[in-house]
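Notes follow the structure.
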Amino acid sequence: MLVNDGIHQELLAIMAPYQPGKYNISDYAVEAKIQLVKATGSFSFGMFGIIVRDTGKGAYNVGFDDVYRRPSKAIILPGVAERPYTLNTEWRKYRAEVKGNTIKLFIDDTLQLEGIDNRYLSGGQVGLWSGDVVLNISSFKVIKL
């Protein structure tokens, strides 16, 4: 299990050793079982999610912002899509899916957010990102679509 203690005030990322772009795979999903334990309170936002199609010059960050607020926001960054979403501290399966120019966020197999963007279309790298939250992560998978 991977644990983030939330003490760092900057955004942190951890990249997976598997890189879909190395194998010319650009359409894939990343699934992670994540428990949001709490927001630590250092910042006014708190955020976490999955990184897809990281090219070194940019990436899609699919996840949540404003964790302190009720509701918080489900987001696809940079500036692709967002909507209100109320988080809780239960274990959830989060899935970020990229196919062509479509990016999707699923929670427990239910589509929560979708956006279209043409900036990052190659496979790139995958990983997780967070800022100012305590997280537990029990699984991480990359699935070719």
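Computed from the coordinates by the stated procedures, all read-outs in this text should not be read as laboratory data. Worth saying up front: this structure is predicted, and the values here are computed from it rather than measured.
So here's what we get for this one:
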item: Three-way shape label, region 60-110, alpha-carbon gyration tensor, a/c 1.5; result: oblate
item: Ratio of the Cα radius of gyration of region 2-144 to 2.2 N^0.38 Å, where N counts its residues; result: 0.96
item: Fluctuation leader among G123, G131, G79 - the chain, Gaussian network, Cα springs under 10 angstrom; result: G79
